[in-house]
Amino acid sequence: MLNAVWCMMMITGIVCGMLGGKTGALSEAAMAGAAQSVELIIAMAGSMMLWSGVMEIMQQSGLTNALAARFARPLRRLFPRTGKKALSAVCLCFCANALGLGNAATPLGLKAIKALQAENPTPETASNAQIVFLVLNSTLVHFLPVALINLRTAAGSAQPFAIVVPCIAASFVTMGFGVLAALWVNRR
C-alpha cells in the first residue's frame, strides 16, 4: 500500500513537472535528492554500526545479563513467567531503544520476540509477554535519541541536541500509557 502511495506521488510530480515545462528543474532536483540521500545514508551508517557494535559487546560481555538481573524486579512485574534468556534479550532491546537506536534495536527486538516465542505455550497466537514486549518496545523512554541527533546533525542543524528534552518528555508519557496497557493485558 505504501509503495503505491509513493509511486503515485512520484508519477504526479513528474507529470506536473512535465506539464509545467520544468523538466530541467525536475531532473536537477532528482539528481540533487539522490546525492543528498547517499550522503545521509553514509553519515547515518557509521553511527548505526558503532552502536550496533556497542550492543553486541554488551551482549558478549554479559553486561546485558547483569542489566537484566538489575532490572529483574520491574521486568518481572511486566513479564511474570519469562525465563532468564528471554528476559536478557528483552533487556538488551530495551537498552538499545533507550539510547534511541531505532534501526540498531530492530534485530535485537526480533531476537527478543523469538526468545519469547520459544517460551510461548500456544505458538499459533501471541503470548501476553510478546504483547507486553511490543507495547513497551514501541513506547520506551529514549534517554538519548542518537538516531535523531545524527539525522539532525547530518541535515545541518545548528542545535542537534535540542530534541533531547522533548523526546524524553514525550517518551515518558507514551511509556506510562504503555506500562498501564501492559499491566492491564497481564491481568486479563
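The values are calculated or read from the model by the stated rules, or taken from the named source; none is laboratory data. Since this is a predicted model, take the numbers as computed values, not measurements. Please note: Cβ atoms are built from the backbone with ideal geometry, for glycine as well, and neighbour counts cover all protein chains shown.
Points worth noting:
- Scan the stretch 7-25 for residues that are more than 31 Å from the chain's Cα centre (by Cα) and assigned to a helix (DSSP H, G or I) and the total you get is 10.
- Any hit, the stretch 174-187, residues being at pLDDT below 85, of a type outside the set (Val, Ile, Thr) and within 30 Å of residue 39 (Cβ to Cβ): no
- The stretch 86-120 - residue that is in a loop (DSSP other than H, G, I, E, B) and either at pLDDT 85 or above or in contact with an Asp or Glu (Cβ under 9 Å, 6 or more places away or on another chain) (or both) and, of those, nearest to residue 59 (Cα to Cα): 119
- Given (1) in a helix (DSSP H, G or I); (2) within 20 Å of residue 105 (Cβ to Cβ); (3) at pLDDT below 80, number of the condition residue 167 does not satisfy: (3)
- Any hit, the stretch 62-85, residues being at pLDDT 85 or above, part of a helix (DSSP H, G or I), among the small types (Gly, Ala, Ser) and surrounded by 18 or more Cβ atoms within 10 Å (Cβ to Cβ): no
- The stretch 139-188, subset in contact with a Gly (Cβ under 7 Å, 6 or more places away or on another chain) and within 19 Å of residue 78 (Cβ to Cβ), residue surrounded by the fewest Cβ atoms within 10 Å (Cβ to Cβ): 139
- Residues of the stretch 136-164 that turn out to be in contact with a helix residue (DSSP H, G or I) (Cβ under 7 Å, 6 or more places away or on another chain), aliphatic (A, V, I, L, M) and at pLDDT 85 or above, as a count: 1
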